[in-house]
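Asks: Would you mind keeping the following structure in view while I ask a few things?
The values are calculated or read from the model by the stated rules, or taken from the named source; none is laboratory data. It should be emphasised that the depicted structure is a prediction, and the values quoted were computed from it without experimental measurement. Counting neighbours? That spans all protein chains shown, and the Cβs are built from the backbone with ideal geometry, glycine included. Remember, those area values only see protein heavy atoms, side chains included, never the ligands or the DNA or RNA. Shrake-Rupley method; radii C 1.70, N 1.55, O 1.52, S 1.80 Å.
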Amino acid sequence: MAAFSATHCRSYSYSHSSSINGGQNQRFSFSSFSRLSVPAKAIRNSHQTVVLMQDGVVATKVTPVEKETPNEKLKDELLSVTSTNEWDEKAGFDSSENESTVSITVVGASGDLAKKKIFPALFALYYEDCLPKHFSIYGYARSKMTDAELRNMVSKTLTCRIDKRENCSEKMDQFLKRCFYHSGQYDSEENFAQLDKKLKKHEGGRVSNRLFYLSIPPNIFIEAVKCASSSASSGNGWTRVIVEKPFGRDSESSAVLTKSLKQYLTEDQIFRIDHYLGKELVENLSVLRFANLIFEPLWSRRYIRNVQIIFSEDFGTEGRGGYFDNYGIIRDIMQNHLLQILALFAMETPVSLDAEDIRNEKVKVLRSMRPLRLEDVVIGQYKSHSKGGVTYPSYTDDKTVPKDSLTPTFAAAALFIDNARWDGVPFLMKAGKALHNKGAEIRVQFRHVPGNLYNRNFGTDLDRATNELVIRVQPDEAIFLKINNKVPGLGMRLDRSNLNLHYAARYSKEIPDAYERLLLDAIEGERRLFIRSDELDAAWALFTPVLKELEEKKIIPESYPYGSRGPVGAHYLAARYNVRWGDLDIEQ
């Protein structure tokens, strides 16, 4: 694992709730320290035992020796609990000479992603004291803008945590003072060299660490990386680059992009971001499985009948069809977000929680998957529909979309993992726009109980008696397990009930946005939730053949009404593998 951040932000803890005898919550916490600056020389000279306290101070005890230091005053003072700053002053060390700073440059700062996600996430990290002591944020884009204009633009999108509103405006002002702007072309080494001079001015001679977030179209990635690498890299610290999807359109273009990036960066410097991996419930997948004995033994073909990974949006492209039409729902959602969730769900137990160990297991899953066949894919495109006196447009009504476009706005697929754990278990994915609701969830449907004594109570529809684990990623995060239960009364009537962990009811703390987690990980050098190049290759190898076949054969997408549950073909696909989509259950 990467070293802890130089903040109080992260803690590794166990929280246990108990209701026995009215017991209160117990919490055992190991928190990262704000700054550990204990001089090794001072420790050796004074023969001290150093104890690092949880609140970030240093307790010292002097071990008696034959020849004690003549400075008795220093000895007496060191016997007390001393802060790290006081330690440096008393021991005569300059604590600033080894300090570092982090400069975060948002390339494409005037775009929607930067305004709606990146700057608010950085502010949230600052609000929670998660950013280093010394940091600055630079916006870089072609638009002409002053520092004041950038701050005004950013301020309109900032919000504070719901439980800390009392110092919101003060925190905002402090954060905005750390934000600056530099206008330049993405392919100009001269402009990036000018940015470098401004960064050095704010770094003030400290060890400089630099993070570049490329919030720009993929066709200009390489030029921006080339210029940043040659003209604005750190001279004495680390330089890292966050790259937004799409990572190409197929195996070939993805390989070209990776090869081009590696001309200027090492693999360890490239952070390919998939914001779905930063979702709270996605990160909880491994905890749910590996930290709970009741789940791990059931996590295989022996007990699981099928797994469904479902993504739906209740709106269409709404003027953004120009971008979407070049990619479609399979490239935009399935090949990255949903496939990454599948890999995390299905992987074997990693050797450790180290980033490389986890990513190694994900790659094994992707390489074990059966090539996707055209007959296991259903595509659709939403059409105009009137409901409640409101007429909703079709996909091709979007002025940025060609009238004869065959780009799918909906896709469903059946995938299989050919290994000992998952052989024969269908993993069904579906993703779509302009559907009846908005959400993302993982559904695990278990096998029927063999020789079930209560079969007659369920009638002929045994699927009604199937246990199901549902992990609702968004919105309204929750984990619930569907079980069969007796209805109170004199008769023997059964119903299906939920054992429900509803996050909003259980936890008072606001769930961080995915970009907050991923930005903090990038600053700390934690790569666990970022995509490695061989992961990317394996993912594209799975989808590229079927994507090419769809385009070469000009397969016409099945139409479905705006606001519906999607095309009928998705139900036939599921039925072929004796599966019923769980999100269609009337109990939902």
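Asks: Could you tell me which numbered condition Asp423 fails, if it satisfies all but one of (1) outside any loop (DSSP other than H, G, I, E, B); (2) open to solvent by 20 Å² or more (accessible area, probe 1.4 Å); (3) at pLDDT 90 or above?
Replies: So the condition that Asp423 fails would be (1).
Asks: Suppose we filter the stretch 534-549 for residues that are of a type in the set (Phe, Trp, Tyr) and farther than 22 Å from Ala355 by Cβ; how many remain?
Replies: Summing the residues that are of a type in the set (Phe, Trp, Tyr) and farther than 22 Å from Ala355 by Cβ in the stretch 534-549 gives 1.
Asks: Search the stretch 387-408 for residues that are assigned by the TED database to the domain that holds Glu552 and under 13 Å from Gly322 (Cα atoms) and pair each with any residue that is part of a strand (DSSP E or B) and modelled with pLDDT under 90 when their beta-carbon atoms are under 6 Å apart and the residues are at least 6 apart or on different chains.
Replies: none
Asks: Criterion first (in contact (Cβ under 8 Å) with a residue 60 or more places away in the chain and either part of a loop (DSSP other than H, G, I, E, B) or open to solvent by 10 Å² or more (accessible area, probe 1.4 Å) (or both)) does Asp537 satisfy it?
Replies: yes
Asks: Of the conditions (1) surrounded by 19 or more Cβ atoms within 10 Å (Cβ to Cβ); (2) farther than 23 Å from Leu338 by Cα; (3) small (Gly, Ala, Ser); (4) in contact with an Asp or Glu (Cβ under 8 Å, 6 or more places away or on another chain), Gly278 satisfies every one except a single condition; which number is it?
Replies: Here Gly278 meets the rest and fails (2).
Asks: For the stretch 281-295, enumerate the residues that are more than 20 Å from the chain's Cα centre (by Cα) and open to solvent by 50 Å² or more (accessible area, probe 1.4 Å).
Replies: Residues satisfying the conditions are Ala291, Asn292, Leu293, Ile294.
Asks: Is there a residue in the stretch 330-337 that is open to solvent by 50 Å² or more (accessible area, probe 1.4 Å), farther than 21 Å from Ala478 by Cα and out of contact with any Leu (no Cβ under 8 Å at 6 or more places or on another chain)?
Replies: Within the stretch 330-337, not a single residue is open to solvent by 50 Å² or more (accessible area, probe 1.4 Å), farther than 21 Å from Ala478 by Cα and out of contact with any Leu (no Cβ under 8 Å at 6 or more places or on another chain).
Asks: Let me ask you something else. Which of the residues spanning the stretch 546-575 are among the hydrophobic types (A, V, I, L, M, F, W, C) and under 29 Å from the mean Cα position of the chain (by Cα)?
Replies: Those that are among the hydrophobic types (A, V, I, L, M, F, W, C) and under 29 Å from the mean Cα position of the chain (by Cα): Val546, Leu547, Ala570, Ala574.
Asks: So Ser136 passes all but one of these: (1) assigned to a strand (DSSP E or B); (2) open to solvent by 30 Å² or more (accessible area, probe 1.4 Å). Which condition number does it fail?
Replies: The number of the failed condition is (2).
Asks: Kindly provide the set of residues from the stretch 232-263 that are open to solvent by 70 Å² or more (accessible area, probe 1.4 Å), outside any helix (DSSP H, G or I) and outside the structural domain of Gly184 (by the TED database), ordered by number.
Replies: Result: Arg249, Lys262, Gln263.
Asks: Kindly evaluate Ile294 against the criterion of being closer than 29 Å to Thr407 by Cα and β-branched (Val, Ile, Thr).
Replies: So Ile294 does not fit the description; no.
Asks: Of the residues Pro545, Pro488, Pro557, only one is within 30 Å of Phe446 (Cβ to Cβ) and assigned by the TED database to the domain that holds Arg443; which?
Replies: Just a single option satisfies the conditions, and that option is Pro488.
Asks: What pairs come up if the first residue lies in the stretch 110-121 and is touching a residue at least 40 places away in the same chain (Cβ under 8 Å), the second is assigned to a helix (DSSP H, G or I) and among the acidic types (Asp, Glu), and their beta carbons are under 8 Å apart, counting only those six or more places apart or on different chains?
Replies: Note: pairs meeting the criteria are Ala121/Glu516.
Asks: Tell me which of these Asp112 doesn't satisfy, since it passes every other one: (1) more than 17 Å from Ile242 (Cα to Cα); (2) at pLDDT below 90; (3) surrounded by fewer than 18 Cβ atoms within 10 Å (Cβ to Cβ).
Replies: It is condition (1) that Asp112 fails.
Asks: For the stretch 203-225, give me each residue that is over 24 Å from Tyr323 (Cβ atoms) and without any contact (Cβ under 8 Å) to a residue 40 or more places away in the chain.
Replies: If the condition is that a residue be over 24 Å from Tyr323 (Cβ atoms) and without any contact (Cβ under 8 Å) to a residue 40 or more places away in the chain, then Gly205 is the only one that fits.
Asks: Right, here's the next one. Please go through (1) assigned to a loop (DSSP other than H, G, I, E, B); (2) touching a strand residue (DSSP E or B) at 6+ places or on another chain (Cβ under 7 Å) for Asn484 and return the number of the only condition it doesn't satisfy.
Replies: Going through the list (1) assigned to a loop (DSSP other than H, G, I, E, B); (2) touching a strand residue (DSSP E or B) at 6+ places or on another chain (Cβ under 7 Å), Asn484 breaks only (1).
Asks: Tell me which residues, restricted to the stretch 106-133, are acidic (Asp, Glu) and assigned to a loop (DSSP other than H, G, I, E, B).
Replies: Answer for the stretch 106-133, where residues must be acidic (Asp, Glu) and assigned to a loop (DSSP other than H, G, I, E, B): Glu128, Asp129.
Asks: With respect to Gly328, determine if the residue is on the phi > 0 side of the Ramachandran plot, in contact with a strand residue (DSSP E or B) (Cβ under 9 Å, 6 or more places away or on another chain) and not basic (Lys, Arg).
Replies: Here the answer is yes, as Gly328 does meet what is asked.
Asks: Mind checking which residues of the stretch 544-574 are aromatic (Phe, Trp, Tyr) and surrounded by 16 or more Cβ atoms within 10 Å (Cβ to Cβ)?
Replies: Tyr560, Tyr562
Asks: Looking at the stretch 575-588, which of the residues that are in a helix (DSSP H, G or I) and open to solvent by less than 40 Å² (accessible area, probe 1.4 Å) is farthest from Gly328 (Cα to Cα)?
Replies: Ranking the candidates gives Gly582 first.
Asks: Also: Has the stretch 247-255 got any residue that is within 30 Å of His134 (Cα to Cα) and not acidic (Asp, Glu)?
Replies: no
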